[in-house]
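Before any comments, here is the structure.
Here, each number is a calculation from the coordinates, and none is a lab measurement. All figures in this text were calculated on a predicted structure; none of them were measured in a lab. Heads up, the Cβs are rebuilt from the backbone with ideal geometry, glycines too, and the neighbour counts pull from every protein chain shown.
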Amino acid sequence: MTASGTGPSAPDPGVSLMYGALARWWPLISPAEVYEDDARSTAELFALAERPVRDVLELGSGGGHLAHHLRERWTMTLVDLAPEMLAVSRALNPDVEHLLGDMRELRLGRTFDAVLVHDAIDYMTTLDDLAAAFRTAYAHCRPGGVAAFFPDHVADTFEPGTDCGGSDAPDGSGARYLEWSHPPGPGETTVTTEYTFTLRAADGTVELAHEAHRTGLFAVADWQRLLGDAGFEVVTVREEGGADRTLFAGRRPRA
Ligand SMILES: C[S@@+](CC[C@H](N)C(=O)[O-])C[C@H]1O[C@@H](n2cnc3c(N)ncnc32)[C@H](O)[C@@H]1O
């Protein structure tokens, strides 16, 4: 058995264990099947566009698990900060364009009918970073198009908690994780979440890993204000029941 991990400080997502050295485990840690519901929510948000949606830019596309459910319907371009996650996504979505980039500063010089930022938006830990991601989305969105954002939490409804998951592969390998989030300190715009991983190789070797992630936690009013500042008309969607979360769409007005 081996163990690896970081201390309590928050990692730069660009050098994170989960999205770096452990990226090859992503298909077992967070299997693509669990993204089907979010693919449906994505389609509902894209329906807010005032133009037909044919091509989509996803920022922070990770292992391409959500994109896997979208690529049949739309032409996807996938961007992520972590080369290891792009490699995982390329294996799953070999016919899709993949690019290395940071959603805070990317400028491709191309526009799309829709821009998608799924849970990667959580890695915007300051209002300045969040605003920069919105400017990037706007710069790549055609007039009449839409940008869709899927934060895991907003400050208005956040509750600290624990979660677990993972799956097994036919070759006998498997991954399990425990996720444990802590309440933010007074006035803080971030949440710290401890992740522990138990990773079993096909030969039975077990590796343990730990990493703390710091993610952004912003009020709905801040989301709405910054999306508006970027130029978007804002639609706020409160999903209740299973997901119980707040999603945002930004419609780029026709010129
Ligand atoms: C939870 S994973 C995304 C998983 C993805 N939703 C999927 O379907 O597989 C978060 C991703 O955000 C990426 N990320 C974090 N900060 C980023 C940034 N500034 N620009 C681009 N990608 C970023 C990380 O590299 C990581 O791959």
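With n ≥ 4 as the cut-off for DSSP H runs, can you work out [θ] at 222 nm for the chain, using -39500 (n - 2.57) per run divided by the number of residues, rounded to the nearest 500?
Using -39500 (n - 2.57) per qualifying helix, the result is -6000 deg cm²/dmol.
Can you give the charge dipole size of the chain about its Cα centre, rounded to the nearest 20 debye, using +1 on the beta carbon of Lys and Arg and -1 on the beta carbon of Asp and Glu?
Roughly 900 debye, rounded to the nearest 20.
Would you kindly derive the ³J(HN,Hα) couplings of region 229-240 from the backbone phi angles with the Karplus curve 6.51 cos²θ - 1.76 cosθ + 1.60 (θ = phi - 60°), listing them in order in whole Hz, with x for Gly and Pro?
Running phi through 6.51 cos²θ - 1.76 cosθ + 1.60 with θ = phi - 60° gives 4, 6, x, 7, 8, 9, 10, 9, 10, 9, 8, 10 Hz.
Is the shape of region 60-189 rounded, prolate or oblate, going by the alpha carbon gyration tensor and its root eigenvalues a ≥ b ≥ c, with a/c under 1.5 for rounded and a/b larger than b/c for prolate?
Judged from the Cα gyration tensor, region 60-189 comes out oblate (a/c at least 1.5, b/c at or above a/b).
What is the ratio of the Cα radius of gyration of region 189-255 to 2.2 N^0.38 Å, with N the residue count, to two decimals?
1.76
Would you please give the residues with an amide H less than 5 Å from that of PHE218, counting only those at least 5 places away or on a separate chain, with H modeled from the backbone geometry?
ALA155
Add +1 for every Lys or Arg and -1 for every Asp or Glu among the other residues with Cβ under 15 Å from the Cβ of SER173, and state the total.
Summing Lys/Arg as +1 and Asp/Glu as -1 gives -1.
Quick check: residue separation of ARG176 and VAL234 times 0.36 nm, minus the Cα distance between them. What number comes out in nm?
Gain on stretching ARG176 to VAL234: 17.1 nm.
May I ask you to compute the full-extension gain from VAL34 to SER167, defined as 0.36 nm times their residue separation minus their alpha-carbon distance, rounded to one decimal in nm?
So the extension gain works out to 46.8 nm.
Rounded to whole Hz and in sequence order, give me ³J(HN,Hα) for region 80-97 from the Karplus expression 6.51 cos²θ - 1.76 cosθ + 1.60, θ = phi - 60°, writing x for Gly and Pro.
Result, ordered by residue: 8, 7, 9, x, 5, 6, 4, 5, 5, 5, 4, 5, 7, 10, x, 8, 9, 6 Hz.
Taking amide H positions as placed in the peptide plane 1.01 Å from N, state which residues far from GLY165 in sequence (5 or more) or on other chains have amide H under 5 Å from it.
Those qualifying (amide H under 5 Å, at least 5 residues apart or on another chain) are TYR177.
Only Cα pairs under 8 Å and at least 6 apart count here; give the relative contact order of the chain as a rounded whole percent.
With pairs under 8 Å counted, the relative contact order is 21 percent.
Would you kindly derive the ³J(HN,Hα) couplings of region 101-116 from the backbone phi angles with the Karplus curve 6.51 cos²θ - 1.76 cosθ + 1.60 (θ = phi - 60°), listing them in order in whole Hz, with x for Gly and Pro?
Residue by residue, region 101-116 yields x, 10, 5, 7, 9, 4, 9, 7, x, 9, 10, 9, 5, 9, 10, 10 Hz.
Which one, LEU22, THR205, LEU99, projects farthest toward the positive side of the charge dipole computed for the chain from Cβ point charges (K/R +1, D/E -1)?
Positive-most Cα among the choices belongs to LEU99.
In region 166-255, which GluC sites (Glu not before Pro) fall in coil by DSSP and have 12 or fewer other Cβ atoms within 10 Å?
Filter output for region 166-255: GLU240.
Hey, can you grab everything whose amide H is under 5 Å from the amide H of SER61? Only 5+ residues off in sequence or another chain; H modelled, so Pro and N-termini drop out.
Under 5 Å from the amide H of SER61 lie the amide H atoms of VAL79, ASP80, each far enough along the sequence or on another chain.
Taking the Cβ of ASP113 as the center, what net charge do the other residues with Cβ under 9 Å away carry, scoring Lys and Arg +1 and Asp and Glu -1?
Around ASP113, the surrounding residues sum to +2.
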